[in-house]
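Everything below concerns the one structure shown next.
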Amino acid sequence: MDIQRIYNTVQSLKNQKPDTGAANTQNQTTGAEKAGTQQAVQGSSAKVFGLMPGQVVAGNITDIRGSLVEIMLSNNQSVTARLTENFEYVIGQRAMFTVKSNDGQQIVLVPKDRTSMEQAGNLVLARILGEAGVEVSEKNLELIKSMMKEQIPVDAQTVQKYAKELALFPQADADTIVGLEKYQIPLNEEMVTQYGNYKNNEYQILEQTSAMPDEMLHLFSEMAEEDTEDAVMLWNDVMDALELTVAEKGQGSVNPLSEEQKQELLLLFGEELEGGEEIEREIDPEQRELLHLIESEESAPEEILKKLQTVVAHKSMSKEHLGSLFRNDGLRTLLHSALNDKMLLDPRMLEEERAVSNFYQKLMERTQKAQKVMEEYGKGESALAKTTSEVNGNVKFMGAMNEMLNYVQLPLKFTEENGHGDLYVYTKKNLLRKKGEELTALLHLELETLGNVDVFIRMTDLRVNTDFTLESEEMLEFVGDHIEELNERLNRKGYQMSSTVQLKKKTEKGVQKESKPDFFQDIVNRDKKTVKLTRFSFDVRA
């Protein structure tokens, strides 16, 4: 920028006499500010004041001074309008307006449509792209808007960098690229996908885990149609990778099979179907033990699956018999229960030191092994492979986000149901270990029985205040009846507890407000400073 030339121009303007006409025009239009997209217009020509409501007028923007814009109409009449919204018009732009009202003293114009305003803004953005030597396209225009919204400089070098990165990931929108760069998250396909998932509220590990049993059985059934031996080997390797035959320490899972499911599995492994008829056959000790485990109420799902894996591996099963196994509803139930044990967090584990970090470390290792197995079998594009990849990427994304904020997703496994949780720690990371500093956090839970529950926590040293917000009167009463149990347990651990419960606020129409925090607006951007931007136009005329 030529600062000296601008300085000389400003000095010469100061020496000129004030434009009293423009000042009078500004005073006349002061009372014209109206809601929405209105502009109040004052003119001196009788022909101008003869304009009728609904009539469309067109003109060129000839001057912009603060919130005042001068318009030269097609009939060479000049009018001055005060902008009551932050419209980005530029000098030289042609715009169309509709006369909203004309009382003989004042004319109110509104843009004929928002297209003219958007075109005006795009002219400015296109100029920025042109100066950076970047192609003017719709996607690049959105990029500049996103950069300006996030207060990122739009100098030529920065614009070139962001535009190049946007071109490398055509499936990503501009906000995603800007966000990843802003938060210093590695820019790759995996992180682009996860950023989009979090923005669109499609990130829950609980949902991804719930889809896996059906995806596993579909993959194994598909494989059995091609080659039964390879199908059994894939089954064994995936089960081992996810450790679905290994019971976790401290887990007391019992047989999840219904009586009907037990009978179907007993029939499948106690008798063999051939030509549509049941054929009795000799049962070896491994099979007999499997049948016993299926019947027993005390058998853990991992225990049944382990014996099932042994029997399937050692027995040559026909394509039809193996296909029947992989379509069996009881097997789906066993896989679902075992996956819950491996991929969801038991709240009882939270008492252990580093329980959450250890859980996610194991989750990453298991999903990575499973991905590798499927790639080796040429099934890297299967639905199961994609889901395990999403889970793995989800964990990596959380790790990257935790470089700047304290957040963890909690896929929870309860006795009767599963639930999703988000824990946001608002206190800055560099203050967490300072004695006397208040720690503030929000635990958001989504549970089938309780609905959405928000627990806002404030903690200073050993003093803890918790505020529960619930969705219904019934749950409010339930939590209120048991809140003292929570307080007493934490008091025994040395904390000074106080708790309140309240009902979620409702709108004027009686509809409950959604309590779930917006991950990016409420959490990621919680420290963003609001900066008022002012546009300056330097119009140097000959």
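Grab the other residues whose beta carbon is less than 13 angstrom from that of Thr387, score K and R as +1, D and E as -1, and report the net.
Working: positive: Arg366, Lys379, Lys386; negative: Glu202, Glu207, Asp214, Glu215, Glu381, Glu390.
Local charge sum for Thr387: -3.
Over 32 Å apart at the Cα level, from the set Lys139/Lys369; Lys342/Lys379; Lys139/Lys372, are Lys139/Lys369; Lys139/Lys372.
For Thr466, Thr310, Thr500, the ranking by accessible surface with the largest value first comes to Thr500, Thr310, Thr466, using a 1.4 Å probe.
For the ranges 443-450, 375-382, what's the packing order if you count other beta-carbon atoms within 10 Å of each residue, average per peptide, and put the highest first?
Working: 443-450: 15.5, 375-382: 14.0.
So the peptides 443-450, 375-382, ranked by packing, come out 443-450, 375-382.
Along the range 296-306 the Karplus relation, 6.51 cos²θ - 1.76 cosθ + 1.60 evaluated at θ = phi - 60°, assigns HN-Hα couplings of 6, 6, 8, 6, 6, x, 5, 5, 5, 5, 4 Hz to successive residues, with x for each Gly and Pro. Couplings 3J(HN,Hα) of the range 453-460, computed from phi: 10, 10, 10, 8, 10, 10, 9, 10 Hz, in residue order, whole Hz [Karplus 6.51 cos²θ - 1.76 cosθ + 1.60, θ = phi - 60°; x for Gly and Pro]. The modelled label-to-label distance for the pair Thr500/Met349, using points 7 Å beyond Cα in the direction of Cβ, is 3.5 nm.
Ranked by accessible surface with a 1.4 Å probe, highest first, in what order do Glu473, Glu390 come?
Working: Glu473 120, Glu390 75 Å².
Reading off the accessible areas and sorting them downward yields Glu473, Glu390.
With 29 Å as the limit, the listed pairs Lys413/Lys504; Lys262/Lys362; Lys145/Lys199 have Lys262/Lys362 beyond it between alpha carbons. For Met459 and Asn402, the difference between the fully extended length at 0.36 nm per residue and the C-alpha to C-alpha distance is 18.5 nm.
Provide the gained length on full extension for the span Glu375 to Val124, in nm with one decimal, where the gain is 0.36 nm per separating residue minus the Cα-Cα distance. Provide the component values of the computation, followed by the final result.
Details: separation 251, 0.36 × 251 = 90.36 nm, distance 4.88 nm.
Length gained, Glu375 through Val124: 85.5 nm.
What is the extension gain from Phe478 to Leu68, computed as 0.36 nm multiplied by their sequence separation minus the C-alpha to C-alpha distance, in nm to one decimal? Could you put the intermediate results ahead of the total?
Values: separation 410, 0.36 × 410 = 147.60 nm, distance 5.99 nm.
The span from Phe478 to Leu68 would gain 141.6 nm if fully extended.
Karplus-based coupling profile of the range 145-161, in residue order and whole Hz: 4, 5, 4, 5, 4, 8, 6, 9, x, 10, 6, 4, 5, 5, 4, 4, 4, with θ = phi - 60° in 6.51 cos²θ - 1.76 cosθ + 1.60 and x standing for Gly or Pro.
Between Asp329 and Ser137, the simple label model (points 7 Å from Cα in the Cβ direction) yields a spacing of 5.1 nm.
Ordered by solvent-accessible area of protein heavy atoms (1.4 Å probe), largest first, the residues Arg492, Arg127 come out as Arg492, Arg127.
The values are calculated or read from the model by the stated rules, or taken from the named source; none is laboratory data. Everything quoted here is computed from the prediction, not taken from an experiment. Note that we place each Cβ from the backbone using ideal geometry, even for glycine, and neighbour counts take in every protein chain shown. The protein model used for the area step is the full one, side chains on, heavy atoms only, and it has no ligands, DNA or RNA in it. Shrake-Rupley method; radii C 1.70, N 1.55, O 1.52, S 1.80 Å.
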